[in-house]
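What follows is a short report on a single structure.
What follows draws every value from the coordinates through simple rules; no lab data is involved. Please read these numbers as outputs of a predicted model, since none were measured by experiment. Methodologically, a virtual Cβ is constructed for each residue, glycine included, from the backbone with ideal geometry; neighbour enumeration extends over all protein chains shown.
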Amino acid sequence: MLMKDMYMIFLGLIILILGVLIGVAFLTLLERKVLGYIQIRKGPNKVGVMGILQPFSDAIKLFTKEQTYPNFSNYMSYYFSPVIAFILSLMIWMVIPYYFNLISFNLGLLFFLCCTSMGVYTVMVAGWSSNSNYALLGGLRAVAQTISYEVSLALILMSSIIMIMDFNLMIFFYFQKNMWFLFMMFPLGLCWVSSMLAETNRTPFDFAEGESELVSGFNIEYSSGGFALIFLAEYSSILFMSLLFVIIYMGGYVLSIFFYLKLLFISFLFIWVRGTLPRYRYDKLMYLAWKSYLPVSLNFLLLFLGLKIFLI
């Protein structure tokens with residue numbers, strides 16, 4: 001490959017990362033505004049016109065605060081786990097299907113599953129290395145939840161993979177020209193939405209930070225930059241999960257404004273759910289993953305396998 005091509009790919013990745021970070025910034029603003037209006041109050045509206053510069057002032061505030069760390073913490077792992085979580089959440093974006101310039105490889109979905117599996121370790125290490133009982137409890141719950149729902153995510157994904165017989169995200173577009181997969185596999189689409197919520201630790205599945213005895217979950221001991229990086233990683237994964245849902249179930253990647261509106265709607269759904277639903281009970285969460293989604297996704301997998309064989 002020519003050196004110029006390498007430079008172009010590198011430049012494209014930097015632009016992509018900057019775009020993701022700006023998208024994350026405005027997603028947090030959207031969340032605060034929407035939650036404000038759901039609770040019949042104004043969201044942030046002082047910094048800039050209608051509060052449009054609020055995320056940037058928050059970022060400046062967080063990154064200029066003093067970095068504290070507990071005396072009894074395991075310092076290196078405590079310090080680097082948010083950084084690695086952030087890097088992993090940005091690495092997943094490499095599989096975004098583009099028609100030009102960027103890395104588009106045939107095993108994109110496998111790469112996504114590998115990166116999300118690695119993300120579990122950062123939560124576990126962040127909870128353990130803080131050397132606080134609350135952080136450890138929150139970390140363990142988050143890990144148990146994430147691992148449980150990764151199983152259902154992978155199995156739901158298998159049905160779509162069997163339909164297209166490829167791991168490349170670009171291919172989804174060609175198979176959904178006439179009909180979205182969402183209509184064809186509607187129950188699976190709904191299972192995927194709630195698994196997305198559980199995978200990204202969002203309401204109504206935010207047990208890692210929701211229980212009264214956990215205070216704030218695995219990130220309780222983090223402040224300033226470390227907390228900001230965990231926050232950015234979470235919202236980056238929310239955006240990516242929304243993107244993946246649009247690609248797999250809502251028509252694939254199309255270079256049009258409609259594609260980005262669909263992406264915005266799914267991201268808005270995360271916020272809408274947060275403002276509407278009460279928190280689930282922990283045992284019911286586990287029951288949902290292992291007793292409901294696992295058999296449903298396996299049965300659909302067999303159905304689509306049979307359909308594929310029958311049609312070929």
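How about the stretch 269-312: which of its residues are of a type in the set (S, T, N, Q) and surrounded by 15 or more Cβ atoms within 10 Å (Cβ to Cβ)? Break it down stepwise before answering.
Initially, the stretch 269-312 is screened for residues of a type in the set (S, T, N, Q), giving 276, 292, 297, 299.
Within the stretch 269-312, Ser297 is the sole residue that qualifies.
Can you tell me which of Ala85, Ala126, Ala59 is among the small types (Gly, Ala, Ser), within 30 Å of Ile171 (Cα to Cα) and out of contact with any strand residue (DSSP E or B) (no Cβ under 8 Å at 6 or more places or on another chain)?
Ala85
Any idea which of Phe265, Phe310 is farther than 20 Å from Ser160 by Cα and aromatic (Phe, Trp, Tyr)?
Numbers: Phe310 fails: farther than 20 Å from Ser160 by Cα.
Checking each option against the conditions leaves just Phe265.
Of (1) closer than 23 Å to Ile147 by Cα; (2) in a helix (DSSP H, G or I), Arg279 satisfies all except one. Which?
(2)
Where residues in the stretch 225-234 are under 19 Å from Asn131 (Cβ atoms) and not aliphatic (A, V, I, L, M), which of them is surrounded by the most Cβ atoms within 10 Å (Cβ to Cβ)?
Residue satisfying both the conditions and the ranking: Gly226.
Does Ile312 count as farther than 21 Å from Ser148 by Cα and either of a type in the set (Ser, Thr, Tyr) or in contact (Cβ under 8 Å) with a residue 12 or more places away in the chain (or both)?
no
Can you tell me how many residues in the stretch 125-135 are surrounded by fewer than 18 Cβ atoms within 10 Å (Cβ to Cβ) and touching a residue at least 24 places away in the same chain (Cβ under 8 Å)?
Qualifying residue count for the region: 1.
Could you figure out which of (1) farther than 30 Å from Arg141 by Cβ; (2) among the small types (Gly, Ala, Ser); (3) touching a Pro at 6+ places or on another chain (Cβ under 7 Å) isn't true of Gly226?
(1)
Considering only residues that are more than 26 Å from the chain's Cα centre (by Cα) and assigned to a helix (DSSP H, G or I), look in the stretch 52-77 and name the one that is surrounded by the fewest Cβ atoms within 10 Å (Cβ to Cβ).
Looking at residues that are more than 26 Å from the chain's Cα centre (by Cα) and assigned to a helix (DSSP H, G or I), I get Thr64.
Can you name every residue in the stretch 1-51 that is assigned to a loop (DSSP other than H, G, I, E, B) and of a type in the set (A, V, I, L, M, F, W, C)? Outline the logic, then answer.
As a first pass, look at the stretch 1-51 and keep what is assigned to a loop (DSSP other than H, G, I, E, B): 1-2, 39-48.
Those that are assigned to a loop (DSSP other than H, G, I, E, B) and of a type in the set (A, V, I, L, M, F, W, C): Met1, Leu2, Ile40, Val47.
Check whether at least one residue in the stretch 207-219 is hydroxyl-bearing (Ser, Thr, Tyr), without any contact (Cβ under 8 Å) to a residue 24 or more places away in the chain and either surrounded by 20 or more Cβ atoms within 10 Å (Cβ to Cβ) or more than 22 Å from Leu182 (Cα to Cα) (or both), and report yes or no. Full working, then the answer.
Let us first name the residues in the stretch 207-219 that are hydroxyl-bearing (Ser, Thr, Tyr), namely 212, 216.
Within this subset, residues satisfying the condition of being without any contact (Cβ under 8 Å) to a residue 24 or more places away in the chain are 212.
Applying the additional criterion that residues be either surrounded by 20 or more Cβ atoms within 10 Å (Cβ to Cβ) or more than 22 Å from Leu182 (Cα to Cα) (or both) yields 212.
Yes - at least one qualifying residue is present in the stretch 207-219.
Looking at Ile103, Ile92, which one is among the aliphatic types (A, V, I, L, M), within 24 Å of the chain's Cα centre (by Cα) and not in a helix (DSSP H, G or I)?
Criteria check complete, one pass: Ile103.
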